[in-house]
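Please read the structure below before turning to the comments.
The values are calculated or read from the model by the stated rules, or taken from the named source; none is laboratory data. Worth saying up front: this structure is predicted, and the values here are computed from it rather than measured. Cβ coordinates were reconstructed from backbone atoms using ideal geometry, including for glycine residues, and neighbour counts include every protein chain displayed. Accessible surface areas use protein heavy atoms only, side chains included; no ligands, DNA or RNA. Shrake-Rupley method; radii C 1.70, N 1.55, O 1.52, S 1.80 Å.
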Amino acid sequence: MAQIVAEFFGVIGVDMLPPDNLAELIPYLLTVLVGVVLVSTVFRVIGRLAEAVLDIRRW
């Protein structure tokens, strides 16, 4: 699991080193927040597509 998390942060461009001060913390948190929002949006779209495909097959 740690490797997957490290790969995710590598993909979105966040270093694994924690920020040293507040000036480094804010962009770090914004990058993580944007990455999490993008991933959740992709899963939501995939879920809606799967729901639509399965709903069409019902009729």
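For the residues Val11, Val36, the requirement of being among the β-branched types (Val, Ile, Thr), within 15 Å of the chain's Cα centre (by Cα), in a helix (DSSP H, G or I) and surrounded by 12 or more Cβ atoms within 10 Å (Cβ to Cβ) singles out Val36. Whether any residue in region 42-51 is open to solvent by 90 Å² or more (accessible area, probe 1.4 Å) and either modelled with pLDDT under 85 or acidic (Asp, Glu) (or both) is what I want to check. Yes, because at least one residue in region 42-51 is open to solvent by 90 Å² or more (accessible area, probe 1.4 Å) and either modelled with pLDDT under 85 or acidic (Asp, Glu) (or both). For beta carbons closer than 6 Å, sequence separation of 6+ or different chains, a first residue in region 5-29 that is touching a residue at least 12 places away in the same chain (Cβ under 8 Å) and a second that is surrounded by 11 or more Cβ atoms within 10 Å (Cβ to Cβ) and in a loop (DSSP other than H, G, I, E, B), the qualifying pairs are Tyr28/Pro19. Which members of region 1-34 meet the condition of being small (Gly, Ala, Ser) and at pLDDT below 85? Matches in region 1-34: Ala2, Ala6, Gly10, Gly13.
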